[in-house]
């Protein structure tokens, strides 16, 4: 594995143009955990100083996709938006006023063969109930009926709708995947019930795939041992959030949290919704599968890793590696771990086919919730060999 670029400030996203020039989005995260100005860089193939082609983006930037000579940028700020960025720095806002200010944000953009722009929108909450931070509440993507739950779901902090309340679907919604035309018009729902669909892309066979980050063992409705999942996305499907995890009911003994009472259902109309979809692959709890790249009939997945003790009780580290998934049987195989700290994106080079891995950098959460982060510790790596059974050089 060879270092291509260092000194990146918590980068989140990687894209290549048709000539093989690399573009990196820096998320906007600061060392103290606050969000500042995010930006997009063009990397010098000779290893020189990157060129800033856009700054003052709404942080956190959670996605960068190259299509027809321009970059589509997912800006997860408050509100979220999607922008087309020309390589000379000109910008066009395509979709604005997307849900923002919550725990998760507007995520990765993918362009389909139908020339539609698909994107993920994370939930405002961990599991449907607003915590003490008093963030915005979630917006359903399908018509739902609420169960008896205190504090309440889809409501402001410390409040609740009466049991049996029916809430109409919203557009835009949270915890779902939406699409629109390339100019941002005709926004519509694709699928709902994905807690945080961070990684989005199309498989070689044309299927839309999404990596959904699992529930955390924390907050007003903690959930234990929830995996991240890879789903094949079907239009009109429900993927289970906030009441199912990888197709498993949230009150299943396998999901009992260590930090609170076992969670109960928030929705009372499961029978009216499509059956909760099951994943193609479930990754180990807290591995945080964030992005994938397709190559040689295999999927290569970046595992960002846990943020213990914030997201779960203290325990062994998880993730922090790149793995290979064999789509024929869903098996998971290691590719590379160290020296990676927090792999967050990966792409195959369009000219030489080498896999490039973007490392977010050094980031840990202390017991008191403070971040132990190292500025400009982000890096871009190149894997020079990817042969089954062979270690990367």
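Brief remarks on what is shown
- As a length-normalised measure over Cα pairs under 8 Å and 6 or more apart, the relative contact order of the chain settles at 14 percent.
- One chain, two ends: residue 143 and residue 205. Fully extended at 0.36 nm per residue, the span grows by 19.2 nm beyond their Cα-Cα distance.
- Considering only alpha-carbon pairs that sit under 8 angstrom and 6 or more positions apart, the relative contact order computed for the stretch 126-278 is 21 percent.
- Cα gyration tensor category, rounded, prolate or oblate, for the stretch 268-393 with a/c compared to 1.5: oblate
- Inter-site label distance for residue 168 and residue 31 at 7 Å from Cα along Cβ, in nm: 5.1
- Pair residue 374, residue 328: separation of 7 Å Cα→Cβ label points (nm): 4.0
- For volume of the Cα convex hull per residue in Å³, the value calculated from this model appears in (1) 128; (2) 179; (3) 140 under label (1).
- Segment residue 254..residue 349, full-extension length gain: 30.2 nm, with 0.36 nm per residue of separation and the alpha-carbon distance subtracted.
- From largest to smallest, the equivalent ellipsoid semi-axes obtained for the stretch 126-278 from the alpha-carbon gyration tensor read 25, 19, 14 Å.
- Inter-probe distance in nm under a simple model that places probes 7 Å from Cα toward Cβ, at residue 294 and residue 87: 2.4
- Relative packing of 312-325, 69-82, which averages over residues the other C-beta atoms within 10 Å, highest first: 69-82, 312-325
A short reminder: the numbers here are calculations on the coordinates, not readings from a lab. Fair warning: this is a prediction, and the values are worked out from it, not measured in the lab. Ideal geometry is used to build each Cβ from the backbone, glycine not excepted, and the neighbour counts take in all protein chains shown.
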